[in-house]
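**Student:** Below is the structure I would like to discuss, written out as structure tokens.
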Amino acid sequence: MGNDVRSIQPAALGLRVAHLQTPANRYDGHDRLATRHTEENIAPVTGKRNQGFQADLSRSRQEVQLVGEEGGASSTPLRDNPARPRTELNHDTVTHSTTAQNYQVWLLITLLQQDQEPEVQYFEDALTTINKNHETTYHRIKLEDTNEEDLQLICDGLSNGFGLILDFTWSGNEVMQELADNRSYPYLHIDVSVAPFLMLLDSYLDKRNSSDILAIFDDDDYIDQSLYYWLDSNRLKMVMTGPIDYKTASKIKNIRPIPSSFAIMATTINMEKLTKQALDHELLHLSDRWNLIFTDLQHMEFDRNLIANTTVSLIYLEEELCLDLVQKEQCPVNFSLQNQFLFWLAMGINKLIKLLLDENVEFPTSDFDCLKSEFPDYTKQRFDEILDVMMSENSKLLTLNDKSVMVRTRGKIEKMFNGTLQVIAQYRNGRLELENAKKFEPVKPFYRIGMTQAMPWSYKEKNPETGESYWTGYCADFAQKLSEVMDFDFVFVEPESGTFGEKINGSWNGVVGDLARGDTDLAITAIVMTADKEEVIDFVAPYYEQTGITIVMRKPVRKTSLFKFMTVLKLEVWLSIVAALIVTGFMIWFLDKYSPYSARNNKKAYPYPCREFTLKESFWFALTSFTPQGGGEAPKALSGRTLVAAYWLFVVLMLATFTANLAAFLTVERMQAPVQSLEQLARQSRINYTVVQSSDTHQYFINMKFAEDTLYRMWKELTLNASTDDTRYRVWDYPIREQYGHILLAINDSNPVANASEGFRLTNEHLDADFAFIHDSSEIKYEISKNCNLTEVGEVFAEKPYAVAVQQGSHLQDDLSKVILDLQKDRFFEALQAKYWNHSVKGDCPSTDDNEGITLESLGGVFIATLFGLALAMITLAGEVLYYRRKALKESKIQKFDRPQFKKTVTIGSSFKPVKYNENLTKEMENVAHISLYPRARNRLARIE
């Protein structure tokens with residue numbers, strides 16, 4: 001990682017060496033060791049400072065083979081650390097010295113922060129143990145929090161001279177770095193923090209494009225060290241220590257925006273406990289973002305079944321690094337990376353000091369002014385050369401970066417794939433290298449999307465298999481499409497209070513409130529762009545611009561009747577027609593019987609057979625006159641023909657009237673809404689109507705009523721103001737219609753409903769179409785597409801757009817606008833509209849289209865009447881046959897007794913032929929039809945033998 005990550009490290013630190021000819025002052029005293037406490041359920045960290053550095057040093061003496069003075073291996077174990085006299089200087093400055101067999105003395109200045117005494121003590125003990133050839137005096141300077149105090153402490157500590165300055169502070173003291181750069185002091189920063197682990201994590205997060213992280217540690221000391229490491233970086237979002245209890249888990253869940261990565265840094269024992277706690281509190285639902293960093297080498301003992309169903313990453317140091325540090329074939333269980341690093345560093349510093357002393361390099365002894373004195377150029381040059389040699393000899397274990405020495409990190413990264421952990425990368429030589437056929441999956445952005453119930457935009461349905469609820473609808477599909485195009489993960493968040501958002505006492509609730517507070521990242525629902533909302537949130541380009549307010553009513557229930565044609569005329573009209581028919585039939589018989597010019601009474605004028613208008617024949621004539629073929633032969637008398645002509649005129653008029661009214665009735669019978677607009681609805685009083693309480697529609701009418709009242713008040717002031725004499729305002733009628741006031745009054749009388757479902761239910765229950773529901777047009781259209789009984793009335797008014805809302809100043813605004821425009825070009829929104837509005841149950845609804853003709857339900861009575869006539873004819877036929885047979889039987893009995901007895905039957909001819917009457921008729925009678933010439937007989941003639 002280097003410079004860009006460790007930006008809090010010094011840019012260029014000069015290193016100088018000097019040689020003391022006389023020993024420095026000896027002091028008596030004791031170091032103050034700090035003790036840090038861990039949580040009760042987190043085990044103590046193995047190898048940490050609270051276990052005692054002397055114990056680690058004793059183990060190191062027997063486990064590590066020292067590099068000898070000539071660079072070769074030495075099997076001589078480290079000797080015990082002799083007691084050293086110490087004393088306290090100004091503030092927290094401590095010096096102590098160790099005397100070797102010769103009289104060469106080296107003054108070593110160490111800078112440290114609070115709670116760093118254990119690290120410094122371990123290094124001094126190791127260096128003293130390794131040292132055999134010279135006397136080393138240690139001078140500690142404990143720094144404060146301000147640069148002014150640090151400068152004074154440093155200058156006081158350097159006033160008696162020094163040979164080397166070792167800076168153990170977490171990130172390197174800026175004051176000391178500046179002095180070393182300007183005055184060429186021999187300076188070296190010793191990085192004893194958890195930087196190797198953080199460097200490994202940082203490189204992995206960079207590869208995955210992770211911008212921020214929440215880190216959880218099992219040791220409080222790691223918090224300060226991580227803060228110094230990420231001091232100049234925006235990556236660190238929050239740090240905390242275990243355990244992960246309910247309170248801690250709640251804090252993690254409530255972080256907004258959600259960090260792109262999470263990390264747990266702990267020993268193997270504590271890692272297992274913290275992972276279980278994270279699973280218990282459901283923190284690993286975004287498992288791809290979680291990283292487990294092991295600070296020991298026991299990661300193989302970690303229970304991997306805990307993360308079998310996740311995709312977490314495991315980060316740990318290579319065992320080879322431990323083997324190189326301890327010079328053994330097996331890594332010890334209680335291995336401490338920090339202690340081994342300090343031990344190897346002590347060996348390198350010891351060799352550096354020996355070489356400088358052997359060359360009698362000069363350095364100041366007394367009266368040293370830190371702001372004026374400088375080291376000789378030769379001293380600086382020689383120190384740098386020896387330091388480079390020392391680092392090159394230990395390059396496998398140590399690394400120098402801008403005068404900062406730290407252990408050379410080597411580690412591996414494993415990731416869970418399908419329940420199996422696989423090594424995906426290795427960290428070597430400051431770089432993270434992928435394994436074969438592996439790749440780094442970038443961390444997808446994760447957004448919380450605000451959503452609330454609104455048909456058909458966003459609503460919940462239950463999975464029939466699992467029973468779990470999930471969001472669906474127009475906006476849910478839209479959000480899914482955005483996630484695919486922009487490559488992000490998301491979760492829908494329903495507001496705890498309110499729906500779309502309402503401003504109460506200066507604060508917003510609902511979707512708008514969650515977005516303004518940062519609880520959500522964006523809102524994709526049926527939210528309307530308004531100026532008051534834009535005061536707290538931002539909107540992107542609208543994705544739906546055709547919504548507004550409209551009216552829905554129930555279709556009038558069609559009262560169908562098979563004898564609908566009978567209802568065309570009132571009952572009294574039908575009775576009048578029947579009466580006219582009867583009277584006309586009777587009058588035709590009467591006139592034909594008593595008129596001297598009728599065919600019956602004037603045989604001379606009508607010698608040929610004519611229609612005889614008996615009473616039955618007269619009624620039949622009157623009845624058949626209503627048919628297109630007419631009544632047949634008319635009466636011969638003038639009086640009878642006059643009556644028939646008047647009757648025919650009556651029939652024509654009645655038939656025309658019936659036909660026109662029947663067509664009108666059948667047309668009116670088809671569905672038509674009682675009102676066609678909001679204005680018509682406001683002017684009538686038969687139909688009640690309502691809205692949803694406190695909805696945008698309700699607020700619209702309230703605002704329009706307020707606008708009408710305001711305009712009326714202004715007009716009245718202009719008109720009735722006596723101080724003005726402007727006749728332009730002198731009008732009899734108020735020029736603006738006050739319909740919204742009447743509408744709002746009617747709505748309040750009908751009691752606004754609690755929700756849209758109740759409004760649609762009330763509308764559907766009014767079968768006579770005497771109730772209307774005023775609501776959002778898109779929701780009404782969706783409900784109509786699902787309910788055949790509802791219909792939309794009038795046109796859409798108060799049009800408004802729907803748009804995606806984001807936090808003010810959000811980086812998502814431009815990206816979302818671009819994607820929405822691209823989706824509009826691809827007709828994506830048209831496909832969504834067809835899915836939720838056009839693809840409906842309308843195909844299953846009974847047709848009410850006028851172009852499809854009259855239904856059988858309306859004219860079924862005509863067919864029934866025809867069938868009734870057919871049935872009546874068949875019954876009449878049966879009666880006729882029965883009557884004829886009975887009559888024939890009766891006549892045959894009479895003829896049996898009256899007929900003469902003949903021996904033989906005589907047959908006259910073989911067929912009947914017409915008689916030629918022309919020979920015996922007069923000339924006037926020659927035009928008689930031939931059919932009348934056939935003989936008439938009731939019975940066949942008996943054959944005469």
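**Student:** Using only the alpha carbons of region 523-600, what is the convex hull's orientation-averaged projected area in square nanometres? Walk me through the numbers on the way to the answer.
**Tutor:** Numbers: hull surface 53.8 nm².
So the mean shadow area of the Cα hull is 13.4 nm².
**Student:** Sort 790-800, 653-663, 582-592 for me by packing, meaning the mean count of neighbouring Cβ atoms within 10 Å per residue, highest on top.
**Tutor:** Details: 790-800: 17.5, 653-663: 13.3, 582-592: 19.4.
Per-residue Cβ counts within 10 Å, averaged per peptide and sorted highest first, yield 582-592, 790-800, 653-663.
**Student:** Follow-up question, since we're still on this one. Is region 370-479 rounded, prolate or oblate when judged by the Cα gyration tensor, a ≥ b ≥ c being the square roots of its eigenvalues, rounded requiring a/c under 1.5 and prolate requiring a/b larger than b/c? List each step's numbers first, then the result.
**Tutor:** Values: a/c = 6.02, a/b = 2.63, b/c = 2.29.
Because a/c hits 1.5 or more and a/b exceeds b/c, region 370-479 counts as prolate.
**Student:** Would you please give the residues with an amide H less than 5 Å from that of Gly548, counting only those at least 5 places away or on a separate chain, with H modeled from the backbone geometry?
**Tutor:** Answer set, sorted by chain and number: Ser777, Ser778, Lys800.
**Student:** Taking θ = phi - 60°, what integer Hz values does the Karplus form 6.51 cos²θ - 1.76 cosθ + 1.60 yield along region 183-189, in sequence order, with x for Gly and Pro?
**Tutor:** Listing the rounded values in order: 10, 6, 6, x, 10, 8, 8 Hz.
**Student:** Among the lysines, which have Cα under 24 Å from the Cα of Lys570 when same-chain residues fewer than 8 positions away are ignored?
**Tutor:** Lys559
**Student:** Work out from phi, with θ = phi - 60° and the Karplus expression 6.51 cos²θ - 1.76 cosθ + 1.60, the ³J(HN,Hα) of each residue of region 284-289, listed in order in whole Hz, and give x for Gly and Pro.
**Tutor:** Each residue's phi maps through the Karplus curve to give 9, 5, 9, 5, 5, 8 Hz.
**Student:** Which of the residue pairs Lys273/Lys439; Lys462/Lys835; Lys460/Lys503 have a Cα-Cα distance greater than 28 Å in the structure shown? The partial results should precede the final answer.
**Tutor:** Values: Lys273/Lys439 30 Å; Lys462/Lys835 19 Å; Lys460/Lys503 26 Å.
Long pairs (Cα-Cα over 28 Å): Lys273/Lys439.
**Student:** Which net charge results for the neighbourhood of Gly879, defined as the other residues with beta-carbon distances under 15 angstrom from its beta-carbon, given Lys and Arg at +1 and Asp and Glu at -1?
**Tutor:** Working: positive: Arg885, Arg886, Lys887; negative: Glu880.
Net charge around Gly879: +2.
**Student:** Sorted by mean Cβ packing within 10 Å, highest first, what order do the peptides 317-327, 418-428, 862-872 take? Provide the component values of the computation, followed by the final result.
**Tutor:** On the way: 317-327: 18.0, 418-428: 15.1, 862-872: 11.2.
In descending order of packing, they fall as 317-327, 418-428, 862-872.
**Student:** Count the net charge of all other residues whose Cβ sits under 15 Å from the Cβ of Ala579, scoring Lys and Arg as +1 and Asp and Glu as -1. Please report the intermediate quantities before stating the final value.
**Tutor:** Details: positive: Lys570; negative: Glu572.
Computed value for this residue: 0.
**Student:** Roughly speaking, what % of Cα-Cα pairs in region 564-669 are separated by over 19 Å, rounded to a whole number? Intermediate results must be reported in sequence, preceding the final value.
**Tutor:** Numbers: 2696 of 5565 pairs.
Value for region 564-669 (Cα pairs over 19 Å): 48 percent.
**Student:** To continue, here is another question. Under 26 Å between alpha carbons, and skipping anything fewer than 8 positions from Lys396 in its own chain: which lysines qualify?
**Tutor:** Lys48, Lys132, Lys207, Lys328, Lys351, Lys354, Lys380, Lys412
**Student:** What area, in nm² and to one decimal, does the C-alpha convex hull of region 368-409 cast on average over all directions?
**Tutor:** Computed as one quarter of the Cα hull surface, the answer is 3.8 nm².
**Student:** I need the phi-derived Karplus couplings for region 863-869: 6.51 cos²θ - 1.76 cosθ + 1.60, θ = phi - 60°, integer Hz, Gly and Pro marked x.
**Tutor:** Karplus values, whole Hz, x for Gly and Pro: 5, 5, 5, 5, 5, 5, x.
**Student:** Still on this structure, please answer the following. Does region 139-244 come out rounded, prolate or oblate, given a ≥ b ≥ c as the square roots of the eigenvalues of its C-alpha gyration tensor, rounded meaning a/c under 1.5 and, failing that, prolate meaning a/b above b/c? Before the final figure, lay out each step's value.
**Tutor:** Numbers: a/c = 2.70, a/b = 2.12, b/c = 1.27.
Cα axes put region 139-244 in the prolate bin.
**Student:** Packing-wise, with mean Cβ within 10 Å as the measure, how do 775-785, 480-490, 880-890 rank, highest first?
**Tutor:** Working: 775-785: 22.4, 480-490: 15.4, 880-890: 10.0.
Going from most to least packed, we get 775-785, 480-490, 880-890.
**Student:** Long-range amide H contacts for Glu318: which residues qualify at under 5 Å (H placed 1.01 Å from N, peptide plane, sequence gap of 5 or more or a different chain)?
**Tutor:** Arg410, Gly411, Lys412
Bear in mind that the values in this text are calculations on the coordinates, not laboratory data. What you see is a predicted model, and the numbers here were worked out from it, not measured in a lab. As a convention, Cβ positions derive from the backbone with ideal geometry for all residues, glycine included, and neighbour counts pool all protein chains shown.
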